[in-house]
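Notes follow the structure.
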Amino acid sequence: MRVLLDTSSTVFYAGGISVYTEQLVSARTIFAECGIDLHLINLPQLWHPPTQRNLRRKLSVLAWESVYMQGIVPFQAQLQTMHAIHAPGIRFPLTARIPVVVTIYDIIPILHPELFPKRGAIILSVYLHLMRRFARTVIVISEATKRDVQTYLRIPSEQIVVTPLGVNPIFQPQSPTIIAMVRERLGIRWPYLLCVGNIEPRKNIVRLIEAFAIIRRHGWPHHLIVVGKGGPLSGPIYQASVRLGLTDFVHFTGFIDNHDLAALYAGADAFVYPSLYEGFGLPVIEAMACGCPVVTSNVASLPEVGGEVAIYANPHDVASIATAIEQVLAAPDYTDTLRNRGILHAQQFTWERCVALTAQAYHHALQS
């Protein structure tokens, strides 16, 4: 079976979508073992957007993305006699004459439009509803997202394939020497709590900082390290530490590569991820794979991903978040148990399994 995979999301999208697409690209050998001949197509191979970030660039990107996705991708699929197209980004071809497979990571724009810029939420909601009509098979990354897709998009269960994500092998326990070296190079003070994710309202970082203020008042000496890129809605999040007088203890690092991130996970007293909604929650598994105790939210996919190994909190309740953090910090023996159980729990999430299930989704699209 010949499948055309659009890889432009590795350039135009940051975070989980890009990681997911890169893992599919790197697994062509596994796809071949599953009877899939994977071919790649990428917009930046054909066109490079203007470097300046202004209206001209936005219009240019929008126009070229439309030409690429609605014209070039279906044409190349037909020219190369493909059996299916997989669009793992937000956009997908509406004009293809062969089955289209899409990946839905979450439906946050529908459930929580207030967490997005207004125009972005509208556009994303439109694409999600179009997927219901035009996609032959829908890949989702958790059972929680499958339930949401069935409920709110009314896509039948038999059209959906669940492919849980995997952990990059980079994320594993680190030696004390490596942890100390990375901490020193990055200027990270110890002891610390860690949070990883884009600096956006959905990650609930303001409430995390407010919870951190509580544990500081209770005498805990920790710093809070927040790793991730900022965006148009990041301002109030950065201001929270100023408002609470915690600028000396809350540190925003920006992007950090995976090798250094693994050391930060391994050196943290706890990884805290009080997100309001996740389609999967990959950082939870990355932290566990590195032997870091996890505090996360009791909503959406996070209990599914964290299993019985994570400590859960109500993400809307600052006191609940603070209590969960202190539950980890106050019990070293229990924390050691969480570290060991987390490493074992993370081992069930592999990209090989994700790819094999994705191959099944391709065959499903051709046969349905």
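Coordinate-derived values only; no laboratory data. In this text, all values refer to a predicted model and were calculated from it rather than measured experimentally. All Cβ positions, glycine included, derive from the backbone under ideal geometry; neighbour counts span all protein chains shown.
First check a/c for region 76-185, with a ≥ b ≥ c the square roots of the eigenvalues of its C-alpha gyration tensor; if it is under 1.5, answer rounded, and if not, answer prolate when a/b is larger than b/c or oblate otherwise.
On the way: a/c = 2.19, a/b = 1.62, b/c = 1.35.
Prolate.
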Item to check | Reachable aspartates and glutamates from LYS229, criterion Cα separation under 14 angstrom, eight or more residues apart if same chain | outcome: GLU200, ASP257
Checklist outcome for this item: Listed with the fewest Cβ neighbours within 10 Å leading, ARG341, ARG189, ARG91 appear as ARG189, ARG341, ARG91
Item to check | Alpha-carbon Rg/Rh ratio, for region 176-346, with Rh computed the Kirkwood way | outcome: 0.92
Checklist outcome for this item: In region 228-274, the chymotrypsin sites (Phe, Trp or Tyr not before Pro) that sit in a DSSP loop and have at most 15 other Cβ atoms within 10 Å of their own Cβ are PHE255
Checklist entry - In whole angstrom, how far apart do the alpha carbon centroids of region 171-191 and region 277-297 sit? => result 19 Å
Next on the checklist: For Cα pairs less than 8 Å apart in space and 6+ apart in sequence, what is the mean separation divided by the residue count of the chain, i.e. the relative contact order in percent?
Outcome noted: 18 percent
Checklist entry - Length gain on complete extension for the stretch GLN150 to HIS316, per 0.36 nm per residue less the alpha carbon to alpha carbon distance? => result 57.2 nm
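Which net charge results when you count Lys and Arg as +1 and Asp and Glu as -1 among the other residues whose beta-carbon is under 12 Å from that of LEU193? Please report the intermediate quantities before stating the final value.
Details: positive: ARG189, ARG216; negative: ASP269, GLU326.
For residues surrounding LEU193, the net value is 0.
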Item to check | Inter-site label distance for ARG119 and GLU143 at 7 Å from Cα along Cβ, in nm | outcome: 4.1 nm
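Figure the gain on full extension for ILE214 and ARG97 (residue separation times 0.36 nm, minus the Cα-Cα span) and round it to one decimal in nm.
Working: separation 117, 0.36 × 117 = 42.12 nm, distance 5.76 nm.
That pair, ILE214 and ARG97, stretches by 36.4 nm at full extension.
Kindly put LYS229, LYS203, LYS146 in sequence by how many other C-beta atoms sit within 10 Å of each C-beta, fewest to most.
Numbers: LYS229 14, LYS203 25, LYS146 20.
If I rank by nearby Cβ atoms, fewest first, I get LYS229, LYS146, LYS203.
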Checklist entry - LYS229 versus GLN347, label points 7 Å from Cα toward the beta carbon: distance in nm? => result 3.5 nm
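What value, in deg cm²/dmol to 500, does the helix sum -39500 (n - 2.57) over DSSP H runs of n ≥ 4 give at 222 nm once divided by the residues of the chain? Each step should come with its number before you reach the end.
Working: 17 runs with 167 residues, N = 368.
Value at 222 nm, helices only, nearest 500: -13000 deg cm²/dmol.
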Next on the checklist: I need the shape label for region 286-362. Rule: rounded when a/c is under 1.5, else prolate if a/b > b/c, else oblate, with a, b, c from the alpha carbon gyration tensor.
Outcome noted: oblate
Checklist outcome for this item: Residues whose modelled amide H sits under 5 Å from the amide H of VAL161, counting only those 5 or more places away in sequence or on another chain, are VAL138, ILE139, VAL140
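Could you give the length gained by full extension between GLN327 and LEU111, i.e. 0.36 nm per residue of separation minus their alpha carbon distance, to one decimal place?
Values: separation 216, 0.36 × 216 = 77.76 nm, distance 3.09 nm.
Extending this stretch completely gives an extra 74.7 nm.
Could you tally the net charge around ARG202, taking each other residue with its Cβ under 11 Å from the Cβ of ARG202, Lys/Arg +1 and Asp/Glu -1?
Numbers: positive: LYS203; negative: ASP106, GLU114, GLU200, GLU278.
Counting the neighbours of ARG202, the net charge comes to -3.
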Checklist entry - Using the Karplus equation 6.51 cos²θ - 1.76 cosθ + 1.60 (θ = phi - 60°), what ³J(HN,Hα) coupling, rounded to whole Hz, does each residue of region 131-145 give in order, writing x for Gly and Pro? => result 4, 4, 8, 9, 7, 6, 10, 10, 8, 10, 9, 7, 5, 5, 5
Next on the checklist: Rounded to the nearest 20 debye, what is the charge dipole size of the chain about its Cα centre when +1 sits on each Lys and Arg Cβ and -1 on each Asp and Glu Cβ?
Outcome noted: 1220 debye
